[in-house]
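Have a look at the structure below before the remarks.
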Amino acid sequence: MSFFTTRITELFGIKYPIMQGGMGAGLVSTAELAAAVGNAGGIGFMSAIQWDKDITKFEDEIKKVKDLTDKPYGVNMTLFTEVPKSFFVKAIEIMAKHQVPAVESSARKPDPWMKLMKEAGIKVIHKVARVRDGITAERLGADAITVVGTEEGGHPGAERVSTSVLGPLMVDSVKVPVSIGGGFCDGRGLVAALAWGGEAITMGTRFVCSKECIVHPKVKEAIVKMEHTDTDFILTSIGDPVRALKNPVTQKILKNEFRDNKTELMQTLIPIKTQNDENRMAVNTGEIESGIVPAGQVGGRIHEIKTCQQIIDDIIAEAEVVLRKLSERKYWKA
Ligand SMILES: Cc1cc2nc3c(=O)[nH]c(=O)nc-3n(C[C@H](O)[C@H](O)[C@H](O)COP(=O)(O)O)c2cc1C
């Protein structure tokens, strides 16, 4: 038992309350990344839907992660409506066969998948961007909830509520443990999340800039160089909000998305959203000016590409210093 032991570290059997959220939109959170995060004491989630066209590759990915680590790992199931239900059913069967310990589900109500996952003995953390969705997921049987604020890279909520508001609100609204995501990259953030009652942090953008992440080097360089103001929040008009690196494409989308006529928006979007056969999208091809590259505002605070081990060690070391300094502060009454 250490200071960093929480109900989430106990749920997943991990050393530190640090989670790598699943990342699709091309190949981002693969077996290599999940294994590296797991070996460093956190838990990483590989994305399942990147293999929706060939489920055997999903099974290969699970075998790969088991070769790379004997530590806990997980699979992210982003329950997009455009992915056939049969894919998720088969994915759960494969996970049951390989005794996958954990799933991070997201994107919509986890019903009816929750029942299947629980029957397969999988621990489920469901990720939401609204408090009411977290309450529903708890009712449906989620073992834990991740709540993400508008800062996050990927798919924040359309309501644009910040992590510092959603985190404590979610903690106060459910009994199961909560991981807080959106805007974290260091030990100060971890201590803040614990102070809000969170029992872990979930990071995406920080792990994109890890040595083990498969994305194109141009993506990592762009995040390391970006300012915190260099993201755009796009596609709320079609109910699919995305936070991504600001570029000519996101600017064009913003210009067109609130027009009555959606033709120009769809013309910009369709070639970008269509994955090619190898599931390689802008994050893998390096087309950072002509594609969509999801990234969070926290990119403005990330200045170095490190190994997952260094990322997690540095967070824990900084958190310990912050905690010591806070405990040494003199308390006085006015
Ligand atoms: C490149 C990228 C792709 C992402 N794709 C997904 C996804 O497919 N499914 C999902 O649930 N979350 C996705 N996310 C969100 C992350 O899992 C995580 O919740 C988020 O990155 C945390 O916020 P941060 O970026 O501020 O660290 C993505 C994030 C990034 C940066």
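The values are calculated or read from the model by the stated rules, or taken from the named source; none is laboratory data. All figures in this text were calculated on a predicted structure; none of them were measured in a lab. Glycine gets a Cβ as well: all are built from the backbone with ideal geometry, and neighbour counts include every protein chain shown. For accessibility, only protein heavy atoms count, side chains too; no ligands or nucleic acids. Shrake-Rupley method; radii C 1.70, N 1.55, O 1.52, S 1.80 Å.
Report the Stokes-Einstein translational diffusion coefficient (µm² s⁻¹, integer) for the range 73-207, Rh taken as the Kirkwood radius over Cα pairs, at 25 °C with viscosity 0.890 mPa s.
It comes out at roughly 164 µm²/s.
Note down the nm distance, to one decimal, between modelled labels 7 Å out along Cα→Cβ at His303 and at Lys325.
Result: 1.5 nm between the two label points.
If I take the Cα coordinates of the range 159-225 and project them onto the principal axes, what are the three extents in Å, biggest first?
41, 24, 20 Å, listed from the longest principal axis down.
I'd like the projected area of the range 171-314, averaged over all directions, using the convex hull of its alpha carbons. Report it in nm² with one decimal.
For the Cα atoms of the range 171-314, the hull's average projected area reads 10.3 nm².
Taking the range 175-232, which GluC sites (Glu not before Pro) meet the DSSP loop condition and have no more than 12 other C-beta atoms within 10 Å?
Glu227
Based on alpha-carbon positions alone, could you give the equivalent ellipsoid semi-axes of the chain from the gyration tensor, as √(5λ), descending, whole Å?
Those come to 28, 24, 20 Å.
On a 26 Å Cα-Cα criterion, which of the cross-link pairs Lys63/Lys218; Lys64/Lys90; Lys71/Lys123; Lys15/Lys123; Lys118/Lys211 come out too long? Numbers along the way, then the final one.
Working: Lys63/Lys218 29 Å; Lys64/Lys90 18 Å; Lys71/Lys123 15 Å; Lys15/Lys123 17 Å; Lys118/Lys211 34 Å.
Over 26 Å Cα-Cα: Lys63/Lys218; Lys118/Lys211.
Between Thr81 and Lys252, take the C-beta separation as r, use R0 = 22 Å, and let me know the FRET efficiency to the nearest 0.05.
About 0.30, to the nearest 0.05.
What percentage of the solvent-accessible surface of the range 217-285, computed with a 1.4 Å probe over protein heavy atoms, is contributed by carbon and sulfur atoms?
Reported share for carbon and sulfur atoms: 52 percent.
Restricting everything to alpha-carbon atoms, can you work out Rg to Rh for the range 217-285 with a Kirkwood hydrodynamic radius?
0.99
Kindly provide the chymotrypsin sites (Phe, Trp or Tyr not before Pro) of the range 154-263 that DSSP labels as loop, not H, G, I, E or B, and whose Cβ sees at most 16 other Cβ atoms within 10 Å.
Phe258
Around Met46, which amide H atoms from residues at least 5 apart in sequence, or from another chain, sit under 5 Å from its own amide H, with H modelled in the peptide plane?
HN-HN under 5 Å from Met46: Gly74, Val75, Asn76.
Accessible area per residue for the chain in Å², computed with a 1.4 Å probe and the full protein assembly in place, what is it? Walk me through the intermediate numbers first.
On the way: 15120 Å² over 334 residues.
It amounts to 45 Å² per residue over the chain.
Within the chain, which is the longest segment containing none of the trypsin sites (Lys or Arg not before Pro) that sit in a DSSP loop and have at most 10 other Cβ atoms within 10 Å?
For trypsin sites (Lys or Arg not before Pro) (loop position, at most 10 other Cβ atoms within 10 Å), the longest site-free span of the chain is 1-174.
Give the distance, in whole Å, between the Cα centre of the range 199-278 and the Cα centre of the range 41-71.
Centre-to-centre (Cα) distance: 24 Å.
If the cut-off is 18 Å between C-alpha atoms, which aspartates and glutamates fall inside it for Lys66, apart from same-chain ones fewer than 8 positions away?
Result set, ordered by chain and number: Glu32, Glu93, Glu104, Glu212.
Between the DSSP loop rule and a limit of at most 10 other Cβ atoms within 10 Å, which GluC sites (Glu not before Pro) in the range 51-98 are left?
Of the GluC sites (Glu not before Pro), the ones in loops of the range 51-98 whose Cβ has at most 10 other Cβ atoms within 10 Å are Glu82.
Under the 0.36 nm per residue contour assumption, what length would be gained going from the current alpha-carbon distance of Ala317 and Glu221 to full extension?
Numbers: separation 96, 0.36 × 96 = 34.56 nm, distance 2.51 nm.
Between Ala317 and Glu221, full extension yields an extra 32.1 nm.
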